[in-house]
1. What's the extension gain from Ser12 to Asp58 if we count 0.36 nm per residue and subtract their Cα-Cα distance?
2. Any idea what angle helix 77-88 forms with the longest principal axis of the chain, computed on alpha-carbon atoms, 0 to 90 degrees, nearest 10?
3. Just to confirm a number: summing +1 for Lys and Arg and -1 for Asp and Glu over residues other than Ala32 whose beta-carbon lies under 13 angstrom from that of Ala32, what do you get?
4. What number do you get for segment 28-89 when its Cα radius of gyration is normalised by 2.2 N^0.38 Å, N = residues?
5. Determine the alpha carbon to alpha carbon distance for each of Lys26/Lys71; Lys65/Lys89; Lys26/Lys89; Lys5/Lys89 and list only those over 24 Å.
6. Among Pro14, Pro67, Pro40, determine the one that fluctuates most according to a GNM of the chain built with springs between C-alpha atoms less than 10 Å apart.
7. Using a Förster radius of 41 Å, what is the FRET efficiency between Ala21 and Lys71 based on their Cβ-Cβ separation? Nearest 0.05, please.
8. Taking the chain as a Gaussian network, where each spring joins two C-alpha atoms under 10 Å apart, which residue of Gly56, Gly64, Gly36 fluctuates the most?
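What follows draws every value from the coordinates through simple rules; no lab data is involved. The structure displayed is predicted, hence computed values, not measured ones. Methodologically, a virtual Cβ is constructed for each residue, glycine included, from the backbone with ideal geometry; neighbour enumeration extends over all protein chains shown.
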Amino acid sequence: MADKKVSVNVISVPCIEMFDASKLDKRVPVIAVELGSSMPWWALFGRNGLHGDVIGFDTFGYSGKEPDVLKALGFTPEQIAERLLNLLK
C-alpha cells in the first residue's frame, strides 16, 4: 500500500471479543481478512460505529491448487489491497 501512499495497520485478532471491547478508533475503516466464516466480523460491523468490509470464506467445496482457490475467493494481496482502496474512497 506504500506505493499508493496509504498507511495501514495490520493486527492479529485471536480473540474477537477482546477486539470488540478495545478502544479502537471507530472512525477508521476496518477490513477484516478471515480465512474462515465472516459472520462474526459482520456482527461487529455497525455496532459501536465500526465500519468496513470483510473478506471471508463462507462457502465450502472448493478444491484445487492453493493459489488458485485463494484467488477465486479474493484472498490475494492484490485483491485485498483493491478492496481496501475501494473502502477508503
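1. Taking 0.36 nm per residue and subtracting the Cα distance, the gain is 14.6 nm.
2. 30 degrees
3. Computed value for this residue: -3.
4. 1.19
5. Details: Lys26/Lys71 30 Å; Lys65/Lys89 33 Å; Lys26/Lys89 17 Å; Lys5/Lys89 14 Å.
Correct reply: Lys26/Lys71; Lys65/Lys89.
6. Comparing Pro14, Pro67, Pro40 in the GNM, the peak value goes to Pro14.
7. Values: r = 35 Å, r/R0 = 0.85.
Once rounded, the FRET efficiency stands at 0.75.
8. Greatest mean-square fluctuation among the candidates belongs to Gly64.
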